[in-house]
Amino acid sequence: MSSMKPLVAFALPEQLTMQVAAQALVQLREGLAQQPGPTVVLDAEAMRVFDSSAVAVLLELRRVLLTQGKTLQLHHIPQRLQDLVSLYGVSELLPA
């Protein structure tokens, strides 16, 4: 049995649009502040309704984590979100 603990993923909300981005960002920042370790994993599997605001929220979360000496890793990114990240040219900033 391995002594390494698996990374704990923090779930992104089902909806992340301009209407809810500010509130979601506050909640996500609070949740991520509690995550131990150098890498914080965000699980995007539940995301169903989102727009370009989701990319902005993810970039802000990445910025906050970097100030804490942590890195951000995304899991289960929907194809449409990957397409938005590529469209805005920030794929290298939001690695899957």
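Taken together, the values in this text are just the output of simple stated rules run on the coordinates, not laboratory data. All values reported here derive from a predicted model rather than from experimental measurement. Glycine gets a Cβ as well: all are built from the backbone with ideal geometry, and neighbour counts include every protein chain shown.
So the values come out like this:
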quantity	calculated
Residue order, fewest to most surrounding Cβ atoms within 10 angstrom, among MET18, MET47	MET18, MET47
Using θ = phi - 60° and Karplus 6.51 cos²θ - 1.76 cosθ + 1.60, couplings along region 71-86 (whole Hz; Gly, Pro as x)	10, 10, 10, 9, 10, 6, 6, x, 4, 5, 6, 4, 5, 5, 4, 5
Hydrodynamic radius (Kirkwood) for the chain, which is based on Cα pairs only, to one decimal in Å	13.6 Å
Region 13-92: GluC sites (Glu not before Pro) in DSSP coil with no more than 16 other Cβ atoms inside 10 Å	GLU14, GLU45, GLU92
Cleavage-rule hits, trypsin sites (Lys or Arg not before Pro), region 1-92, DSSP coil, Cβ neighbours within 10 Å at most 13	ARG48
Cut-off under 5 Å, modelled amide H: who pairs with PHE10 long-range	VAL41, LEU42, ASP43
Helix-only [θ]222 nm of the chain, DSSP H runs n ≥ 4, -39500 (n - 2.57) each, per residue, nearest 500	-12500 deg cm²/dmol
Residue-by-residue Karplus 3J(HN,Hα) for region 91-96, coefficients 6.51, -1.76, 1.60, Hz, glycine and proline x	4, 6, 7, 10, x, 8
Rounded to 5, the percent of DSSP beta bridges in the chain classed as antiparallel	0 percent
